[in-house]
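Here the structure is laid out as structure tokens; the discussion comes afterwards.
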Amino acid sequence: GSAADVYLANIAEASATGLPIISSAYGRKAVMSSHWNVYASSTLTVTADRLYLLPCRLDSTYDVNGFYIDMNTAGAASTKARIGLYRMKSDGQPGALIVETADIDTSVTATILSPSVTQTRIDPGWYYIGIVNSGTPTYQAYPSSAIGISPLGLASDATSMLPIQAIYKSIAGWSALPADPTGFTTLSPGSASIPAIALKLV
């Protein structure tokens, strides 16, 4: 006759998981940004001490615990890299740094790099993936001809109608990713390839 609270557990097979469902049954459990319209079929030799920030759109909630990137050539002895995930502010600029890897050894050719971060839940929306290198390794990349949806507007060149694909800035002497970077140069189709980085999922 007294009041009682009743809790019912979800049936795992019936839980709404959202789309897309990312499986590890056939390989790596990972997701790349949904805004690109082409495969990562090119390469890019990065500039040392340049922080590349790549827009990334997630359509579902994911538990992220690292990144995947394909490094084709070494970046010379004693070189390193770091990768991180930033929030995107309402004006399209990078916001707070969410997660960041430790130093990644890029002194040897390592094919797929898979540095880890603290497991973090990421909700749908726009983010930036950032990568900086102390050397000049070559990474698998989206080709310079790639065009995708961009929240960053159009290049300022009066003769073009090209979307801004990514942004970058020099951070010479870095030891970690900047928490709130500002002052960027833009990259548009035809100007450079874009490093292809995937989010590693739990």
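The values are calculated or read from the model by the stated rules, or taken from the named source; none is laboratory data. For clarity, every value in this text was computed on a predicted model and none was experimentally measured. Methodologically, a virtual Cβ is constructed for each residue, glycine included, from the backbone with ideal geometry; neighbour enumeration extends over all protein chains shown. Heavy atoms of the whole protein, side chains included, go into the accessibility calculation; ligands, DNA and RNA do not. Shrake-Rupley method; radii C 1.70, N 1.55, O 1.52, S 1.80 Å.
Just from the alpha-carbon atoms, what are the Rg and Dmax of the stretch 118-202 in angstroms?
My reading of the Cα-based Rg and Dmax gives 14.5, 45 Å.
For a label point 7 angstrom out from the Cα of Asn37 toward its Cβ, which stretches of the stretch 120-156 have the backbone nitrogen within less than 13 Å?
145-150
At a 1.4 Å probe radius, carbon and sulfur cover how many percent of the accessible area of the chain?
For the chain, the apolar C and S fraction of the accessible surface comes to 52 percent.
Any idea what the relative contact order of the stretch 134-187 is, in percent, if you count C-alpha pairs under 8 Å spaced at least 6 apart?
Dividing the mean separation by the residue count of the stretch 134-187 yields 28 percent.
Size of the stretch 85-133 along its principal axes in angstrom, Cα-based, largest extent first?
39, 21, 16
Between Ser145 and Thr45, what's the calculated FRET efficiency when r is the beta-carbon distance and R0 is 22 Å? Round to 0.05.
0.80
With equal scatterers on the alpha carbons only and no solvent term, can you work out the Debye log10 of I(q)/I(0) for the stretch 39-149 at 0.10, 0.12, 0.16, 0.18 1/Å?
Taken in order of the listed q values, log10 I(q)/I(0) reads -0.29, -0.43, -0.77, -0.97.
Go ahead and set up a Gaussian network model of the chain, Cα springs under 10 Å, then flag whichever of Gly173, Gly190, Gly95 fluctuates most.
Of the options given, Gly173 has the highest mean-square fluctuation.
Name the residue, out of Asn72, Asn133, Asn37, whose mean-square fluctuation peaks in a Gaussian network model built on the chain with Cα pairs under 10 Å.
Taking springs between Cα atoms under 10 Å, the residue moving most is Asn37.
So what's the Cα pair-distance distribution over the chain, bin width 5 Å, in %?
1, 7, 14, 19, 19, 16, 9, 5, 3, 2, 2, 1, 1, 1, 0, 0
Under 10 Å, Cα contacts only: if you run a Gaussian network model on the chain, which one of Pro178, Pro94, Pro115 comes out with the highest mean-square fluctuation?
Pro178
Find how much the distance from Thr73 to Thr120 grows on full extension, using 0.36 nm per residue of separation minus their present alpha carbon separation; answer in nm with one decimal.
Value of the extension gain: 13.9 nm.
How large is the accessible surface per residue of the chain, computed with a 1.4 Å probe and reported in Å² as a whole number?
So the chain comes to 51 Å² accessible per residue, rounded to a whole number.
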